[in-house]
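S.K.: Please find one structure pasted underneath; my questions will follow.
No lab work stands behind these numbers, since they all come straight from the coordinates. This one's a predicted model, so the numbers in the text were calculated from it and none came from an experiment. Here the Cβ is made from the backbone with ideal geometry for all residues, glycine too, and neighbour counts use every protein chain on show.
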Amino acid sequence: MSPPSEVDVLVVGAGPAGLAAATELAGHWNVLVVDRESAAGGIPRHCGHYPFGMRECHRLMRGPDYARALAARAEAAGARFMPNVNVIALHPGPSVTVTADGGVSTIAARRVLLATGVRESSRAQRLIGGTKPGGVMSTGALQGLVYLEGGRPFRRPVILGTELVSFSAIMTCAHAGIHPVAMIEPDTAPTARWPMPLYPRLKGIPLHLSTRLLAIEGRDRVEGVVVEGPAGRQHIETDGVIVSGRFRPEATLLANGPVARDPASGGPAIDATGRCSDPNYYAAGNMLHPVETAGWCWAEGRAVGRAILDDLRGKAPPQDQSQRHPVTLCGDALSWVVPQFLSGDRALDRLQLRVDRPVKGRLSMRVNGREVASRRVQSRPERRILLPMPSQDGPVTIVLEQG
Amino acid sequence: MKGPVHALKGRFDVAIIGAGVVGCAIARRFSLAGARVAVVEKAADILDGASKGNSAILHTGFDAPPGSLEHACIRAGYEEYLAIHDRLGLPVLRCGALVIAWTEEQEAALPALMEKARKNGVTDIEPFSRTRLHETEPALGPAARAAFRVPGESLIDPWAAPFAYLLQAVENGAEVLRGAEVTAARREGDWLLDTTQGEVRAGLVVNAAGNFGDLVDEMLIGRRDFNIRPRKGQFVVYDKPAAALVRHILLPVPTAITKGVVVCRTAFGNLLVGPTAEDQDDRQHAGLDPDKLAALISRGEEIVPALKNHEVTAIYAGLRPATERKDYCITAHEGLSCITVGGIRSTGLSGALGIAQHVERLAGLTLAPAADPVWPSVRNVSEFQSRDWEKPHHGGIVCHCELVTRREIMDALSGPLPARSLAGLKRRTRATMGRCQGFYCTAELSRLTRDHFDQPMSETTE
């Protein structure tokens, strides 16, 4: 079956954000959700563990059940889903070029929602030294192997990182009878908040803080790693490396297209309704902000879906570049903020920020030069930081004073 | 330990040790000349040694030592590649190179380099002023002072080319024994090579063992005429949007020690920065060094400052078989029916077809060339020609970053030279070589390759 050449709303990506938006829109418009994977659900599809669904379904679910529930809900609302469709390019109009088994075609729409999600930073992006044997993989790859294929790629790997996903990697290992031998974190404290860091101790996995992974050893398969920590250099015998976290938006699709990318976040630059630089495009979910929980992405997808409804009903104000006010960051440690612009309407109720190093200090927000909010922060890279969405329009400056 | 399985039956005219780019080109040349050819490779798949990590450039030989065998082989290899690439389905992007001076001293060296290029038969070079240089390559760093252009320098697919050479050899009768390390050799009229997969009998032996060339010579003829000290080159690959930053291959002015850091696009639409040049004793492991990679990245950002805003997709390192000699070490050993093809350093990809011509002449075999040789066409995975995902019934995309189709994967796992390892599959198809490095496609690949690899990607628990 070939993709249709025209729909009202095209949603690219069938994860929690895309499915939530499709559910909102489907009763009113002809909505098509495409995904390059073979089934809907996004990343939760291969997170065969708890906890998912509290916010959306009001009960505790495993990832695959949650993914199926969200997909069923979108379908029941009347959205059409097509798997195995890869979007190759975005065009003004809007329209997109796709490839599917039938070959290359174009889908035109009134509005396009981008919800393509994230991936973890690879070993290459982190410039980890040593050889390139088999058995080095992201948590995502491991989960796919374990939960979708019933595989066990190694027996006693090390885990790099201490984000939420790193603990999810431990759960995945437990499911497949894999026993991690160490958890390695370059920072002085774990990234995920208490009580997650207790978990490896319960599982008997040594947590090495302030420790860098210097080199991976082995030619065909991983044979060991060299780490450097407070006790100096150390060799750990291991047969795999799980390179977890440090998510990046899956947003290369934006290159050379009409949708501007924010170099700081790596995702599209949006306003507070999720609208992109080309006003026919919207974006939601983790491609905006690496990384948030599935529940967060679902809520955001729903909010942006409602904004698209308003837009298509003619309720949204016409886009006027002069009324797009930038949100500016002031302070070295602040790495990105979403949304990047304010332009009248609000669908998102909070600003999201991240820092690139451990920080402690006063975070404040000014609109038109006047302070409208402030609070103390103590945070680390990859941790969520929120500010209330200002109700006034005007240039916004967010200031971090450390100390 | 002798494995009785898979031994090649009968007598071969030529046995080639090593299925790197040089061995593959020689196999093709002898097969087309009508010889019965055997190729023995110790790794599970071809192109697993020096040939797995290079800069993927087809050089004109403009900067080779004048009068050297290396120069002659590159010139001949370049010509032959252009003559045959279409028939084999191999891509070439004739984007040209700019040799760029970044200091006053380097600028002063440009005229002599241009003179050398002309002496080497590369006469279509032209000098570029600072203004023209920056007009031509607007993303270039402000410190670039002047350059000259070498229009013939080109980009090719570094794996498809040798794969096609060997495939053509196989389609014309050659046999390939993989996972077969030569452990001993003796002459009883013919050569008898003991391999870990059984015995191979051949009239002539060609040593194309790359980083192990000197050791294999000792085994074959009891001596070595050169010593290999591998030179490691590390590279950084940027994601595809970075490829729009440059058009030419950006070459530095070489120093006495190294050719320096190159910035160029790749056949797969990425941007490459490298290599380093580090001598080492280890012939097996090409280790990546974070500090050296970080230095490459900052050098890359001096050459093209906008790289600061681009993401790294991959890092890799290759080992070039450097020797104490300045030139290739290609010798036909008198009365021994043995030819050594050693010390093919960084120009093996450009020189391979020329080296093969030279080796065929050295061998002087009297053969009857095939009247109507087979010309197989390989699947294109470069960005310079149309890709499988553009055609119908490709079965869906498996690797999303590199747009590798299910049909491409299944093809690479079958046919006369099927991939036998993930590394081999990656080189044939690009699967997992993109920005996510397997985040999305590992599970699917594990399923598709389950019964095809010597070492499966994952054991199964269910």
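S.K.: Among B:T442, B:T136, which comes first, second and so on when ranked by fewest other beta-carbon atoms within 10 Å?
M.R.: The order, fewest Cβ neighbours first, is B:T136, B:T442.
S.K.: Whole-Hz Karplus ³J(HN,Hα) for the range B:384-401, in order, using 6.51 cos²θ - 1.76 cosθ + 1.60 and θ = phi - 60°, x for Gly and Pro?
M.R.: So the Karplus estimates, Gly and Pro as x, are 8, 10, 5, 9, 4, 5, 7, 9, x, 6, 7, x, x, 8, 9, 9, 6, 5 Hz.
S.K.: Equivalent ellipsoid semi-axes for the protein assembly as shown, as square roots of 5 times the alpha carbon gyration tensor eigenvalues: give them largest first, rounded to whole Å.
M.R.: Gyration-tensor ellipsoid for the protein assembly as shown: 50, 30, 27 Å.
S.K.: Non-local amide H neighbours of A:T211 (under 5 Å, H modeled in plane, Pro and chain starts lacking H): which ones?
M.R.: Residues meeting the amide H criterion: A:E185, A:D187.
S.K.: Let me know the shape class of the range A:129-243, please: from the alpha-carbon gyration tensor, a ≥ b ≥ c as square roots of the eigenvalues, rounded when a/c is under 1.5, otherwise prolate if a/b is greater than b/c, or oblate.
M.R.: Cα axes put the range A:129-243 in the oblate bin.
S.K.: Net charge near B:T323, counting Lys/Arg +1 and Asp/Glu -1 over other residues with Cβ under 13 Å of its Cβ?
M.R.: That sum, taken over residues with Cβ under 13 Å, equals +1.
S.K.: Also, quick follow-up: Sort B:Y165, A:Y199, B:Y81 so the one with the fewest other Cβ atoms within 10 Å of its own Cβ comes first.
M.R.: Result, fewest neighbours first: A:Y199, B:Y81, B:Y165.
S.K.: Pop out the ³J(HN,Hα) list for the range B:375-381 in order, Karplus 6.51 cos²θ - 1.76 cosθ + 1.60 with θ = phi - 60°, rounded to Hz; leave Gly and Pro as x.
M.R.: Once rounded to whole Hz, the list reads 10, x, 10, 8, 5, 7, 10.
S.K.: Which whole number gives the average count of other chain Cβ atoms within 10 Å of the Cβ atoms across peptide B:309-315?
M.R.: 5
S.K.: From other protein chains only, count the Cβ atoms within 10 Å of every residue's Cβ in B:441-448, then give the mean.
M.R.: Mean shielding by partner chains, rounded to a whole number: 6.
S.K.: Right, next: With both bridge residues required to lie in the protein assembly as shown, what share of the DSSP beta bridges run antiparallel, to the nearest 5%?
M.R.: Taking every DSSP beta bridge with both residues in the protein assembly as shown, the antiparallel ones total about 65 percent.
S.K.: GNM on chain A, C-alpha springs below 10 Å: top fluctuator among A:P83, A:P230, A:P94?
M.R.: A:P230
S.K.: Can you list residues whose amide H is under 5 Å from A:G151's amide H, if they're 5+ apart or on another chain and H is modeled 1.01 Å from N?
M.R.: Amide H to amide H, under 5 Å and 5 or more residues apart or across chains, A:G151 pairs with A:V146, B:T461.
S.K.: Could I ask something else about it? What ranking do B:D372, A:D310, B:D63 get, fewest neighbouring Cβ atoms within 10 angstrom at the top?
M.R.: B:D372, A:D310, B:D63
S.K.: Please give the average number of partner chain Cβ atoms lying within 10 Å of the Cβ of each residue in B:288-300, rounded to a whole number.
M.R.: 3
S.K.: Just from its helices, what would the mean residue ellipticity at 222 nm be for chain A, if runs of 4 or more DSSP H residues each count -39500 (n - 2.57) and the sum is divided by every residue, rounded to the nearest 500 deg cm²/dmol?
M.R.: Result for chain A: -5000 deg cm²/dmol, rounded to the nearest 500.
S.K.: Right, next: Is the range A:1-62 rounded, prolate or oblate when judged by the Cα gyration tensor, a ≥ b ≥ c being the square roots of its eigenvalues, rounded requiring a/c under 1.5 and prolate requiring a/b larger than b/c?
M.R.: Oblate shape, in that a/c is at least 1.5 and b/c is the bigger or equal ratio.
S.K.: A further question follows. Could you please report the charge total around B:A15, scoring K, R as +1 and D, E as -1 over all other residues with beta-carbon less than 11 angstrom from its beta-carbon?
M.R.: Net charge around B:A15: -1.
S.K.: Rule-of-thumb check for chain B: C-alpha Rg over 2.2 N^0.38 Å?
M.R.: 0.97
S.K.: Among A:G161, A:G63, A:G93, which one shows the highest mean-square fluctuation when chain A is modelled as a Gaussian network with alpha-carbon springs under 10 Å?
M.R.: A:G93
S.K.: Output ³J(HN,Hα) for the range A:201-215: one whole-Hz value per residue in order, computed from phi by the Karplus curve 6.51 cos²θ - 1.76 cosθ + 1.60 with θ = phi - 60°, and x for Gly and Pro.
M.R.: Along the range A:201-215, the couplings run 5, 4, 8, x, 9, x, 9, 9, 8, 6, 10, 9, 8, 8, 8 Hz.
S.K.: While we're on this one: Quick one: which residues, 5 or more positions from A:T328 or on another chain, have an amide H under 5 Å from its amide H? H modelled 1.01 Å from N in the peptide plane, none for Pro or chain starts.
M.R.: Close amide H contacts, sequence-distant or interchain: A:V396, A:T397, A:I398.
S.K.: Can you tell me the order of A:223-229, B:365-371, A:166-172 when each peptide is scored by its average per-residue count of other Cβ atoms within 10 angstrom, highest first?
M.R.: A:166-172, A:223-229, B:365-371
S.K.: Report the relative contact order of chain A, percent, no decimals, based on alpha-carbon pairs under 8 angstrom and at least 6 residues apart.
M.R.: Computed value for chain A: 15 percent relative contact order.
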